[in-house]
Amino acid sequence: MKPVILWSDALIFLLVAALVLFFWRLRRDPQARERWRQVFASRLGMAAFTVIVAYVGVALLDSLHFRRALPPPAGVTTDEVFYDNQVSSVLDTLTAGMGERFERTYSAPFALRSFEKQTLKNDAGETVRDFPPLRHAGAHLDNPADRWADVARKSALALAWGLALAALLILPQWWLLRRSPLPWASSWWVQGVLACIAVWLVSISRHYHVLGTDLGGTDVLYQSLKGVRTGVLIGALSTLVMLPIAVTLGVCAGYFKGWVDDVVQYLYTTLSSIPGILLIAAAVLLFQVYIDLHPDAFPTGLEKADAKFIALCFILGVTSWSTLCRLIRAETLKISQLGYVQAAHAFGVSHARILARHILPNTVHIILITFVLDFSALVLAEAVLSYIGVGVDPSMGSWGNMINGARSELSREPAIWWTLSGAFLFMFLLVLSANLFADLVRDAFDPRTRLGPEAA
């Protein structure tokens, strides 16, 4: 096995490490600790955070890429190791080859036959039009009529294994956190449900297509899982690109005023006047031209798709900073007029020190709230861009690509609804959890919120 590290893989692990370091340093700030304690004191917040962590875990598993070692050619003795050209991930391994079980074309959830008729030959050798049996779904059944009984038996067994996995996850946490005042029970319930669902999906998917297959015969559930990494990275990386631009320009405009403020206002006013979708589409198409003109820089299709993906994250971040910049500017204007800032000026404190000690710490609540709120907005933005054909590469798993591929399927009779449903379900759960968590962060970090006695 040969590890393969993409730029997006390195970025997502650096992001997780930065988040861990951020929460670790909270120990030194009692006020920030109390604010975050208010967020996690809510059962809803704890449950939403658990769902977000689950999505991040799936994204991390899908970011551990490798190439499998191949056996040497027959009759050849050599010490050289040959590797498969196809790049896989740990998620592909854990899903038990779900992405390698292809059918001819569409098939409905839990179906045993194709959704479309094909020209077949019956036992008598006659040519007929009929629904052909699927290659993988239900291939182990001797009698197709036993399908639902088989699903019930395998579901019961999967539930037992899911409960065992949930116990392995929850019992150590319960032993360490049983005396914590935070509502960890809400998180444990969500973990238990997610563990049971994950085990059930993997177990049943070995024998059936739980969410059916698309036009190319690819499992829809597998596509939905592969879209998790894209959604998480788009939301996180684009927001991280946006934050330094918005914070720097907003603080400088609000603090220095004058011509600096005029220039920054001109920049974000001009940017806001341009339709965002058109601006992003133009930038993505320009980068696509660059890729096409420099094929030597991207020797494989995977590297090309990864470069286009990172460029999309950068473009989304660069074009989405105006709203946060406006908020930071307004807050800095207010703070710069307060007494302790004026006193610092009177004592000759440098501008850099005033910005670092007095201005930036008092704008952190806006930055945190915007980060969480914009995460879900950027996830939806990627889906919209992929829908119109200027999003991530078609070879890359994406909910937007799934929706784009499913737009013509709903007009069929009968409608092919499961591709759209799979993408919608996974995207809805992530966006809903992020929005619920964002509301709690906004309430906790609002300066008008009174802290508890522990922080006083």
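The values are calculated or read from the model by the stated rules, or taken from the named source; none is laboratory data. As the structure is a computational prediction, the values presented were derived from the model and not from experiment. When we count neighbours, we look across all protein chains shown, and the Cβ atoms used for this are built from the backbone with ideal geometry, even at glycine.
Condition test on THR269, is it modelled with pLDDT of 85 or more and surrounded by fewer than 17 Cβ atoms within 10 Å (Cβ to Cβ)? Taking the combined requirement at face value, the residue satisfies it.
Checked against the criterion of being of a type in the set (A, V, I, L, M, F, W, C), farther than 25 Å from LEU177 by Cβ, assigned to a helix (DSSP H, G or I) and at pLDDT below 85, the candidates LEU11, LEU19, LEU26, LEU91 yield just one match: LEU11.
Inspection of the stretch 63-85 finds no residue satisfying the criterion of being under 21 Å from LEU430 (Cα atoms), part of a helix (DSSP H, G or I) and touching a residue at least 12 places away in the same chain (Cβ under 8 Å). For the stretch 86-100, which residues satisfy the criterion of being closer than 20 Å to ALA137 by Cβ and either without any contact (Cβ under 8 Å) to a residue 24 or more places away in the chain or of a type in the set (D, E, K, R) (or both)? Of everything in the stretch 86-100, those that are closer than 20 Å to ALA137 by Cβ and either without any contact (Cβ under 8 Å) to a residue 24 or more places away in the chain or of a type in the set (D, E, K, R) (or both) turn out to be ASP92, GLY97, GLU100. Within the stretch 239-252, being buried (at least 22 other Cβ atoms within 10 Å of the Cβ) and either within 29 Å of TRP418 (Cβ to Cβ) or out of contact with any Cys (no Cβ under 8 Å at 6 or more places or on another chain) (or both) holds for THR239, MET242, VAL251. Across the stretch 367-393, the qualifying residues are those that are in a loop (DSSP other than H, G, I, E, B) and modelled with pLDDT under 75, and the one among them that is surrounded by the fewest Cβ atoms within 10 Å (Cβ to Cβ) is ILE388.
Each row is one residue, and each column tells you yes or no for (1) among the β-branched types (Val, Ile, Thr); (2) within 28 Å of VAL372 (Cβ to Cβ).
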site	(1), (2)
ARG147	no, no
LEU168	no, no
ARG179	no, no
SER187	no, yes
SER203	no, no
VAL232	yes, yes
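Going through (1) within 30 Å of LEU430 (Cβ to Cβ); (2) crowded, with 18+ Cβ neighbours inside 10 Å one by one, GLY138 falls short only on (1).
So, ALA281, is that one touching a residue at least 40 places away in the same chain (Cβ under 8 Å) and out of contact with any strand residue (DSSP E or B) (no Cβ under 7 Å at 6 or more places or on another chain) or not? Spelling it out, ALA281 is indeed touching a residue at least 40 places away in the same chain (Cβ under 8 Å) and out of contact with any strand residue (DSSP E or B) (no Cβ under 7 Å at 6 or more places or on another chain).
Taking the stated definitions as given, is TYR290 surrounded by 11 or more Cβ atoms within 10 Å (Cβ to Cβ), more than 23 Å from the chain's Cα centre (by Cα), hydroxyl-bearing (Ser, Thr, Tyr) and part of a helix (DSSP H, G or I)? Taking the combined requirement at face value, the residue satisfies it.
Count of the stretch 95-130 residues, restricted to those that are part of a strand (DSSP E or B) and either in contact with an Asp or Glu (Cβ under 7 Å, 6 or more places away or on another chain) or surrounded by fewer than 16 Cβ atoms within 10 Å (Cβ to Cβ) (or both), is 8. Annotation: of all residues in the stretch 1-34 being closer than 23 Å to VAL58 by Cα and charged (D, E, K, R), the one that is surrounded by the fewest Cβ atoms within 10 Å (Cβ to Cβ) is LYS2.
The rows are residues; the columns are (1) touching a helix residue (DSSP H, G or I) at 6+ places or on another chain (Cβ under 8 Å); (2) farther than 13 Å from ARG326 by Cβ; (3) not in a helix (DSSP H, G or I).
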position: LEU243; (1), (2), (3): yes, yes, no
position: THR248; (1), (2), (3): no, yes, no
position: TYR255; (1), (2), (3): yes, yes, no
position: TRP259; (1), (2), (3): no, yes, no
position: VAL264; (1), (2), (3): yes, no, no
position: LEU267; (1), (2), (3): yes, no, no
position: LEU271; (1), (2), (3): yes, no, no
position: VAL284; (1), (2), (3): yes, yes, no
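Selection within the stretch 316-333: residues that are surrounded by fewer than 22 Cβ atoms within 10 Å (Cβ to Cβ), hydrophobic (A, V, I, L, M, F, W, C) and within 18 Å of PHE375 (Cβ to Cβ). The member of this set that is modelled with the highest pLDDT is LEU327. The condition of being of a type in the set (A, V, I, L, M), touching a Gly at 6+ places or on another chain (Cβ under 9 Å) and either closer than 29 Å to ILE12 by Cβ or assigned to a helix (DSSP H, G or I) (or both) holds for only one of LEU237, LEU278, that being LEU237. Determine which member of the set LEU302, LEU312 is touching a Leu at 6+ places or on another chain (Cβ under 8 Å), part of a helix (DSSP H, G or I) and modelled with pLDDT of 80 or more. Checking each option against the conditions leaves just LEU312. Can you name the residue in the stretch 35-52 that is over 15 Å from ALA438 (Cβ atoms) and surrounded by fewer than 19 Cβ atoms within 10 Å (Cβ to Cβ) and, of all such residues, is nearest to the chain's Cα centre (by Cα)? So, considering only residues that are over 15 Å from ALA438 (Cβ atoms) and surrounded by fewer than 19 Cβ atoms within 10 Å (Cβ to Cβ), the one nearest to the chain's Cα centre (by Cα) is ARG43. Filtering the stretch 149-169 to residues that are among the charged types (D, E, K, R) and loosely packed, with under 15 Cβ neighbours inside 10 Å leaves only ARG153.
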